[in-house]
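What follows is a set of notes on a single structure, which appears directly below.
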Amino acid sequence: MSSHHHSHDHGDHSHDHHHSGPVSADGRRERRLLYAFGLTAITLVVEAVGGWISGSLALLADAGHMLVDAAALMFAWLGIWFARRPADSLRSFGYARLEVLVGYTNSLSQILLVAWIGYEAVVRFVQPAPILSGMMLAVASAGLMVNLFVLRVLGGHDHDDLNTAAARLHVVGDLLGSLGAVAAALVVRYFGWLWADPLISILVSLLLLNSAWHLLRRSAHILLEGVPEGLDVDVLRRDIESAIAGVREIHHVHVWQLSGGQRMATLHARLDDDLASDQAIRSIQELLKARFAVSHATVQIDAGDCAPGGCNGAPCASNR
């Protein structure tokens, strides 16, 4: 992975740049993600075609859920691949935000798909359509086997590997969807209850809606540069003030993310007279990285009150 690091001090400003991704690019993990994506993509096409031919809405719904899974696996792979691309003059932080942008767009399309599945399910409750239960059972069973295999291919993941962890959760959700499709096929085949297919399709679409909604909320939060989930800015500020001797006050704190696991921060600090600026900056950056996983920190040392406009027009004691 390409990365670089430099620190400079101009007027008591310091920037600690780490433009690499949050997780080192492991070749084996990258191959596993790409392999899992290929298997999932092929299976969703088979399920979509099988659902269309057999007349099974449950298979089509499961194919839609697999589309979300395939996107999650692709994003995890892209997160590794784009992390190796260096920043340039137009994109000083590289391409990490592309993953979030694509995820946001994908989640909106999945919500539209859920609306279509719901409409079709209501129509089929009112006017049941014939279903080729044998084909439906075969395709659903194949999808179930592929999901089990994809989970095995992905294996375990590092605690901080948010992309792969999210992809595994998506595949687990699709595993439940495949089980539902198999159950619907068995019920239709052996009991002739055609209403089981739209019922299962609604349950699967709810799984799809849940995944899409969480992806939409998370990606929108990152695009709006919200504080990373699980991080309390007040706790961060108090930890710095209590852990580093000579740091009198931390204020005007901003913390956000470039992508799923790449945290950034800017803050202002007031110091006691006997603490050197360079030493304080290094200590603050090291604490932010160790305790809060902040890979890029910009620290401004204030000798007194903020200069007019120095806090972007906001009160100096305000926190974000």
(message) Rg over Rh of segment 27-223, using C-alpha atoms and the Kirkwood radius, what does it come to?
(response) 1.03
(message) Between TYR35 and ASN210, what is 0.36 nm times their sequence separation minus the Cα-Cα distance? Round to one decimal in nm.
(response) 60.5 nm
(request) Describe numerically, in nm with one decimal, the distance between label points set 7 Å from Cα along Cα→Cβ at ARG91 and at TRP52. (result) 3.3
(request) Please grab the % of Cα pairs in segment 199-291 that end up more than 22 Å from each other. (result) 44
(request) Could you calculate the contour length gain from ILE111 to PHE191, that is, 0.36 nm times the residue separation minus the distance between their Cα atoms, to one decimal place in nm? (result) 25.6 nm
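Read the figures in this text as sums done on the coordinates, not as results from a lab. Remember, it's a predicted structure, so these values are computed and weren't measured experimentally. We place every Cβ from the backbone using ideal geometry, glycine too, and count neighbours over all the protein chains shown.
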